[in-house]
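Reviewing the structure listed below.
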Amino acid sequence: MQRPYIVGNWKMNGSRAMLAEARAIDRAAARIAAVEVAIAPPFTLISALGEASTAIAVGAQDCHVAASGAHTGDISAPMLADAGASFVIVGHSERRADHGESDALVRAKAHAALEAGLGAIVCVGETLAEREAGRAEDVVAAQLGGSLPNGETFAALGERLPERLAVAYEPVWAIGTGKVATVADVTAMHAAIRAQLIAAYGEPGSELRILYGGSVNAGNAAALLSAHEVGGALVGGASLTAESFLAIVSAAVRDNE
Ligand code: PEP
């Protein structure tokens, strides 16, 4: 059984002044071995955050599918590894919505990350309209079917799959809105995702972590993190201060004891 994985997504927030928050998170994480703690800052802070941290992992929020080339403004997975990142979030709903990222592109990005030696967190989640239409599980299943690593990249990972790949279930309507999915809804969706992961990957599919994301905070983290098949949390707004993020990390410890 893997440790709970608590990942902060700073989105397009943060300047060097915020490294103080990261250092405080890092100091606390060093004393909380029961939880794997990570932060994905904007590209501009990856190097500095990596140098300021010893206990937390540092990741990116996106990568290009190619390793290098004429792609002005983009950053490749090998460049992220060179900057000190150890994982990449791919397919976040804000990327899917703002940049028109398709499932196929998300899969290609996951492949690029894994082939560069990085971990990948593949994000999926339904909109409110899709949930209200009773299509949430079908939408997420289709996203997973199109976005998950497969083929040679998957085969090359072998037994390392559960350490290198995670899935984040993030209902779009819960991200940054203060609306949180019910524990019952999260449990049902995570069970469906687990079944699909086992169908796709066999035994390793039963081990990789499925994170919940969407307005996780100090008040709701314990209930969400104790739900069946919830292996951690992807946290946006509440990851921006050490105080609010560490409260979530602590809730994961309690759940793990
Ligand atoms: C996210 O950005 O992945 C997220 C879940 O944001 P928030 O926690 O702010 O809803």
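Here is the list for the range 122-182: trypsin sites (Lys or Arg not before Pro) lying in DSSP coil, each with at most 12 other C-beta atoms within 10 angstrom of its C-beta, are K179. Taking the charge dipole of the chain about its Cα centre, with +1 at Lys and Arg Cβ atoms and -1 at Asp and Glu Cβ atoms, the residue from A222, G117, H190 reaching farthest to the positive side is A222.
On the principal axes of its alpha-carbon atoms, the chain has extents of 45, 44, 35 Å, going from largest to smallest.
Kindly state, to the nearest 0.05, the FRET efficiency for R27 paired with R160, given R0 = 30 Å and r defined as their beta-carbon distance.
Efficiency at R0 = 30 Å is approximately 0.55.
Distance between the 7 Å Cα→Cβ label points at A218 and S68: 4.7 nm.
Taking packing as the residue-averaged number of other Cβ atoms within 10 angstrom, the listed peptides 49-59, 143-153 run from highest to lowest as 49-59, 143-153. Each listed q (0.19 Å⁻¹) maps to a log10 I(q)/I(0) for the range 61-194 from the Debye sum over equal C-alpha point scatterers, namely -1.08.
The ratio of the alpha-carbon radius of gyration of the range 1-91 to the globular-protein estimate 2.2 N^0.38 Å is 1.10. Per residue, the accessible area of the range 6-99 comes to 45 Å² when a 1.4 Å probe rolls over the protein heavy atoms.
Within the accessible surface of the chain, defined with a 1.4 Å probe on protein heavy atoms only, the carbon and sulfur portion equals 54 percent.
Charges were assigned to the Cβ only: +1 to each Lys and Arg, -1 to each Asp and Glu. The resulting dipole of the chain about its Cα centre is roughly 440 debye. Amide hydrogen proximity for V235: with H placed 1.01 Å from N in the peptide plane, the residues at 5 or more positions away or on another chain lying under 5 Å are V7, G8, N9.
The values are calculated or read from the model by the stated rules, or taken from the named source; none is laboratory data. Source: prediction; values computed, not measured. Here Cβ is always computed from backbone atoms with ideal geometry, including for glycine, and neighbour counts include all displayed protein chains. Areas reflect the complete protein model, heavy atoms only, side chains present, ligands, DNA and RNA absent. Shrake-Rupley method; radii C 1.70, N 1.55, O 1.52, S 1.80 Å.
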